[in-house]
Each structure stands twice: as C-alpha cells, then as structure tokens.
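Down below is the structure, laid out as structure tokens.
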Amino acid sequence: MIERLRYFWRLLWRPSVHISLGVLVLGGFIAGIFFWGGFNTAMEYTNTEQFCVSCHEMEANPFEELKATVHYTNRSGVRATCSDCHVPHGWTHKVARKMEASKEVWGWIFGTINTPEKYEAKRRELAEREWRRLEANDSLECRNCHQFDFMDFTEQKPRAAQAHSTALVGGDATCIDCHKGIAHELPDMSGVHQR
C-alpha cells in the first residue's frame, strides 16, 4: 500500500513526458474558467427567489408573510427578494453568508421547521439570530437599497424623519433596531424591552 502511494506521489511530481508545460497551463486555465463559471452560477442560482421558496418550509411560512408587505408589492414596482434582505451583495460577505447558511440546510434535512407549528415555536430564535446578524454587519443588506445620504426627510412622516436624521448624525443605530418585523411577522416579544 505504501509503495503504491509513493508511486502516485512520484508520478504527480515528475515532469510530464508526453504533454508540454504549455498544454498543462492552458488546460489548467480552461479548467479554472469552468470551475469559476460553475461556482458563480451556483452562487447566483442559490440567490434566486425560486430557489429560496423551493423548500416547503420557506414557501408556506416566511414567503407568505413577505407577500403582505411593501417589500413585495408597492407603488413603484421595485420588489425585494429573499436574498436582497438575507444575503449581502459584496462577494466576500456573500460567501461568508452562504457558508453560514449551511446550518439552515442542516435544519431543512432534519425538518426542524417543516410544519407551521414547528416554525412558530422557533420563530423567535430564528428572528433573534437574524437580528443579531444584521446588527453585527450594520444592516448591510438594508443599506444595499436604503441609504441615509439619499433619503429626502421632507417626504417622510415626521416621526420617521426625526428618527432617520438622528440615526444619520449619531451613527450608533442600525436599520434593524427600529425596523424589526418589516417583512415578516414579529415573534412573541413578551418580556423584551422595545425601543
């Protein structure tokens, strides 16, 4: 067994007799293009709404809630999909989020939220985890579309204009601090201090 491993090791590191270095480099380059193209295609496909709601759990629960919000249907026709709010747009942040999402696939495999009752039982835990993530990255996903610099405070209701202008100057608040439940129903928040 050891001799066989040594043979393959020497074979891998020995210069090629029949194939030139140029062919090997060109082959590696072409293989890299196919790998990168496939990887990027898979990343983009997993960001589609169709992929997100392909799980019964997502279609029956959070997607139905989203349909009743301004992020789904509004006067301007601009609609946010699941990935707009749950996956950062920047490549490095997106890859990190995709790796983090592997826990969600694990939950799907074991059916942790596959019924409305199970979903409701875990709603607060799921929401709090998402809120912590958004607080940690300063609501990066929200800021992909909403930016204080481009807000016209005169077009907002007085309470919103005051809160947004204070947040702009103070800089310590992030979107999720005030906008919990903006796209999905809030969990039971009894016993939690609200701002």
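The values are calculated or read from the model by the stated rules, or taken from the named source; none is laboratory data. Note that the structure is predicted; figures quoted are calculated from it, not measured. For neighbour counting, all protein chains shown are included, and Cβ atoms are generated from backbone atoms with ideal geometry for every residue, glycine included.
Kindly indicate whether Asn114 is under 14 Å from the mean Cα position of the chain (by Cα), among the polar types (S, T, N, Q) and closer than 30 Å to Tyr45 by Cβ. For Asn114, the condition - under 14 Å from the mean Cα position of the chain (by Cα), among the polar types (S, T, N, Q) and closer than 30 Å to Tyr45 by Cβ - is not met. Go through region 144-192 and give me each residue that's exposed (fewer than 13 other Cβ atoms within 10 Å of the Cβ), farther than 28 Å from Arg123 by Cα and hydrophobic (A, V, I, L, M, F, W, C). Of everything in region 144-192, those that are exposed (fewer than 13 other Cβ atoms within 10 Å of the Cβ), farther than 28 Å from Arg123 by Cα and hydrophobic (A, V, I, L, M, F, W, C) turn out to be Phe150, Val169. Filtered by the rule that a residue be aromatic (Phe, Trp, Tyr), surrounded by 11 or more Cβ atoms within 10 Å (Cβ to Cβ) and touching a helix residue (DSSP H, G or I) at 6+ places or on another chain (Cβ under 9 Å), region 28-59 gives a lone residue, Phe51. Of note, Ile2 satisfies the criterion of being farther than 23 Å from Trp108 by Cα and modelled with pLDDT of 85 or more. Six or more apart or on different chains, Cβ under 7 Å: which pairs go from a residue in region 68-93 that's in contact (Cβ under 8 Å) with a residue 40 or more places away in the chain and within 16 Å of His184 (Cβ to Cβ) to one that's of a type in the set (Gly, Ala, Ser) and part of a loop (DSSP other than H, G, I, E, B)? Could you list them? These pairs meet every condition: Thr69/Ala183; His71/Ala80; His71/Ala183; Cys85/Ala183.
Condition check ((1) part of a loop (DSSP other than H, G, I, E, B); (2) modelled with pLDDT under 75; (3) out of contact with any Lys or Arg (no Cβ under 8 Å at 6 or more places or on another chain)) across all residues:
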{"site": "Trp9", "(1), (2), (3)": "no, no, yes"}
{"site": "Leu12", "(1), (2), (3)": "no, yes, yes"}
{"site": "Ser16", "(1), (2), (3)": "yes, yes, yes"}
{"site": "Leu24", "(1), (2), (3)": "no, no, yes"}
{"site": "Gly27", "(1), (2), (3)": "no, no, yes"}
{"site": "Ile30", "(1), (2), (3)": "no, no, yes"}
{"site": "Ile33", "(1), (2), (3)": "no, no, yes"}
{"site": "Thr41", "(1), (2), (3)": "no, no, yes"}
{"site": "Glu44", "(1), (2), (3)": "no, no, yes"}
